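Before any comments, here is the structure.
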Amino acid sequence: MTRSLHAGNCLLFIISPALLIYHRNKNISKVSKLSIMPGLTIGDTVPNLDLQTTQGKIKLHQFCADGWTILFSHPGDFTPVCTTELGKMAQYSGEFYQRGVKLLGLSCDDVQSHNEWIKDIEAHTPGAKVNYPIISDPKREIIKQLNMVDPDEKDSTGNLPSRALHIVGPDMKIKLSFLYPATTGRNMDEVLRVIESLQKASKFKVATPANWKPGDPVVISPSVTNEQAKEMFPQGFDTAELPSKKKYLRITKV
Ligand code: BEZ
């Protein structure tokens, strides 16, 4: 499908997934091509997909309603890094559930293969029970809709999923995304840390500074005035003295 827009002396032809810009005054041979990979990103609502999983059929919006969801993809079943990651996710699942967070994995193989693979995952990570659903996507259509395609990793069927991880909020919108290549396994402590940060920021008008860990002080959002901050944070706050004399770095505990 092609759409054209007029922008000054340019005509923009939007031909998904590439964007062609044709300058009216110039020769057609000077058409420039920008490679654009559109896709789901933070702030977007996740599509309401019908999913086949190891725990039956799921409608994505129904699954994500009333809580937080970690939606994470893996390049493929029976691969080494993925086997360790799914085991670690299972080990950490109690920590996530305690915080009202559901887990939903994805690998591009089918449910039968996932079920065989789960035996390896649980054997490799003692004590880990894969109690969360894993989406099957043998046709690799879901990964396109969730922006989880690795452009560099291919097999005979086509592109594999990347190691993508979306954190979806109770409003069904993506709050945070990680995008790792197949060769880099994720750190579940970091996943837990960012969940704590997102939940703090959604509950109080605060943000978490560099290298923040749960329990550390937080900073007050710039949108909060000092008058409001006095009411919102009765425990008090410290304001950093900075060369600019601007009083924007206010630290508190919540
Ligand atoms: C892995 O999970 O180990 C893996 C998968 C695809 C490419 C490289 C590593």
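The values are calculated or read from the model by the stated rules, or taken from the named source; none is laboratory data. The model shown is predicted, which means the values in this text are computed figures rather than measured ones. For neighbour counting, all protein chains shown are included, and Cβ atoms are generated from backbone atoms with ideal geometry for every residue, glycine included. For the accessible areas, the whole protein counts, side chains as well, though only heavy atoms, and no ligand, DNA or RNA atoms are used. Shrake-Rupley method; radii C 1.70, N 1.55, O 1.52, S 1.80 Å.
May I ask you to verify whether I167 is part of a strand (DSSP E or B), touching an Asp or Glu at 6+ places or on another chain (Cβ under 9 Å), under 18 Å from F63 (Cβ atoms) and open to solvent by less than 10 Å² (accessible area, probe 1.4 Å)? Considered against the rule, which asks whether it is part of a strand (DSSP E or B), touching an Asp or Glu at 6+ places or on another chain (Cβ under 9 Å), under 18 Å from F63 (Cβ atoms) and open to solvent by less than 10 Å² (accessible area, probe 1.4 Å), I167 comes out as no.
When the range 113-148 is filtered for residues that are among the β-branched types (V, I, T) and either within 23 Å of T45 (Cα to Cα) or loosely packed, with under 14 Cβ neighbours inside 10 Å (or both), the ones remaining, listed by number, are I134, I135, I142, I143. Scanning the range 68-117 for residues that are outside any helix (DSSP H, G or I), among the aliphatic types (A, V, I, L, M) and within 16 Å of the ligand (Cβ to nearest atom) turns up just one, L106. Is it the case that some residue within the range 76-85 is modelled with pLDDT under 95 and in contact with a Ser or Thr (Cβ under 8 Å, 6 or more places away or on another chain)? Among the residues of the range 76-85, at least one is modelled with pLDDT under 95 and in contact with a Ser or Thr (Cβ under 8 Å, 6 or more places away or on another chain), which makes the answer yes.
Candidates in the range 162-186 are the residues that are touching a Lys or Arg at 6+ places or on another chain (Cβ under 9 Å), of a type outside the set (A, V, I, L, M, F, W, C) and more than 13 Å from the ligand (Cβ to nearest atom); of these, the one that is farthest from V101 (Cα to Cα) is H166. Among the residues making up the range 56-99, those that are charged (D, E, K, R) and open to solvent by less than 50 Å² (accessible area, probe 1.4 Å) are D77, E85.
If I ask for residues that are crowded, with 16+ Cβ neighbours inside 10 Å and within 10 Å of the ligand (Cβ to nearest atom), which ones from the range 149-161 would you list? The answer is D150, E153, L160, P161. For V191, state whether it is part of a loop (DSSP other than H, G, I, E, B) and closer than 21 Å to G100 by Cβ. No: the conditions fail for V191. Given the conditions (1) part of a strand (DSSP E or B); (2) open to solvent by less than 30 Å² (accessible area, probe 1.4 Å), and given that R186 satisfies all but one, which numbered condition is not satisfied? Of everything listed in (1) part of a strand (DSSP E or B); (2) open to solvent by less than 30 Å² (accessible area, probe 1.4 Å), R186 misses just condition (1).
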